[in-house]
Amino acid sequence: MGNKPIYILAIESSCDDTSAAVLCDRKRLSNVVATQKIHEEYGGVVPELASRAHQQNIVPVVHQALAKANIDKKQLSAIAFTRGPGLMGSLLVGTSFAKSLSLGLNIPLIEVNHMEAHILAHFIEEENHKIPTFPFLAMTISGGHTQIVLVKDYFDMDILGQTLDDAVGEAFDKSAKILGLPYPGGPLIDKYAQSGNPKAFPFPKSKVGDLNFSFSGLKTSILYFIQKQTKENPNFIVENRDDICASIQYTIIDILMSKLKKAVKQTGVKRIAIGGGVSANSGIRKALEEGEKKYGWTTYIPKFEYCTDNAAMIGIVGYLKYKEEKFTNQSVTAKARYIINT
């Protein structure tokens, strides 16, 4: 392969964002994301509508990514795409598009695990961005996933703990829905929490063994609490909105941080990298920064655009796999449930 630059076109379509990116080696040349607004009316992602929107968006998004990168498709070295995990209909759009494009251009096809990509997004070269050294602990927190992973090498990872029910992003969004906030409600809870008292309303934390998480009990207790209070005072939410949001956020972050402390204790690894959409939450970022001072951790927080679903993170995995010639073939199919290291 020599020193010839490697150009990877990456496609991400696991949920409701259609994204395409072009990387030259470890550098991002473009990272285009088309967000689907239609789901806001429904208060959550509707899989059938998501896959239809991907079909409409994928060609213009890929076209834009190539144009922004100033690259002709003939210069591409390989196509990387999200194989899973995610919504089946959405994944199928990206998978079939990537397969046909790689066939048409006669270049290698590289399948990527979406969760692995959230972790390896830290290896995209950016100015003033520190790259983690192995081994490190990755905490991936998003709308669909909550995991703590021991990362020993690019493709050598062990899941130490994960959610047994709701993901942390769901816990935020469903709590917001209980409060009558529009979808997606997670960022709004974060916003209102800034002005509230985090100790105003103590919520119970699920007692789940070892490094696994559970958020469904918390969601239920928030629901019952709000129902009880609004029965007594119909204006309870309006009058206490900031304090309720601060208390919910405090409880969720406390659950995450206590598991992280436990993982550090068990493994002896003090390098912590976070990823996934919920890592954009200001309270979580602050808690991690405090962890650096308090426990001597080194923390790695990706740029905001690499926290949410995006194709640049798929591209960096594509590049790393290309270097190792880890290609896939045309018989590959999308996989809604796709565990790391399988």
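Inspection of the range 215-234 finds no residue satisfying the criterion of being touching an Asp or Glu at 6+ places or on another chain (Cβ under 9 Å), open to solvent by 60 Å² or more (accessible area, probe 1.4 Å), of a type outside the set (Ser, Thr, Tyr) and in contact (Cβ under 8 Å) with a residue 40 or more places away in the chain.
Would you mind finding the one in 290, 305 that is of a type in the set (Asp, Glu) and under 22 Å from residue 61 (Cβ atoms)? Outline the logic, then answer.
Numbers: 290 fails: under 22 Å from residue 61 (Cβ atoms).
Matching residue, one of 290, 305: 305.
Looking across the range 161-183, the residues that are buried (at least 20 other Cβ atoms within 10 Å of the Cβ) and closer than 14 Å to residue 141 by Cβ come down to 161, 163, 166, 167, 168, 169, 170, 171, 172, 173.
The single condition among (1) within 27 Å of residue 129 (Cα to Cα); (2) in contact with a helix residue (DSSP H, G or I) (Cβ under 8 Å, 6 or more places away or on another chain); (3) open to solvent by 10 Å² or more (accessible area, probe 1.4 Å) that residue 272 does not satisfy is (3). Considering (1) free of Cβ contacts under 8 Å to residues at least 12 places away in the same chain; (2) in a strand (DSSP E or B), the lone condition that residue 137 does not fulfil carries the number (1).
Residue count for the range 63-89 under the criterion of being buried (at least 23 other Cβ atoms within 10 Å of the Cβ) and farther than 25 Å from residue 143 by Cα: the result is 2. Has the range 90-97 got at least one residue that is open to solvent by 50 Å² or more (accessible area, probe 1.4 Å) and either over 16 Å from residue 333 (Cα atoms) or among the polar types (S, T, N, Q) (or both)? Yes, there is a match, as at least one residue in the range 90-97 is open to solvent by 50 Å² or more (accessible area, probe 1.4 Å) and either over 16 Å from residue 333 (Cα atoms) or among the polar types (S, T, N, Q) (or both). Summed over the range 103-126, the residues that are assigned to a helix (DSSP H, G or I) and touching a residue at least 40 places away in the same chain (Cβ under 8 Å) give a count of 11.
Can you tell me which residue in the range 117-132 is modelled with the lowest pLDDT, limited to those that are open to solvent by 10 Å² or more (accessible area, probe 1.4 Å) and within 22 Å of residue 322 (Cβ to Cβ)?
Checked the range 117-132; the qualifying residue modelled with the lowest pLDDT is 129.
The values are calculated or read from the model by the stated rules, or taken from the named source; none is laboratory data. Predicted model only: the values in this text are computed from it and were never measured. Positions of Cβ are backbone-derived with ideal geometry, glycine not excepted, and every protein chain shown enters the neighbour counts. Ligands, DNA and RNA are stripped out before the accessible areas are found, and what is left, the full protein with its side chains, is counted by its heavy atoms. Shrake-Rupley method; radii C 1.70, N 1.55, O 1.52, S 1.80 Å.
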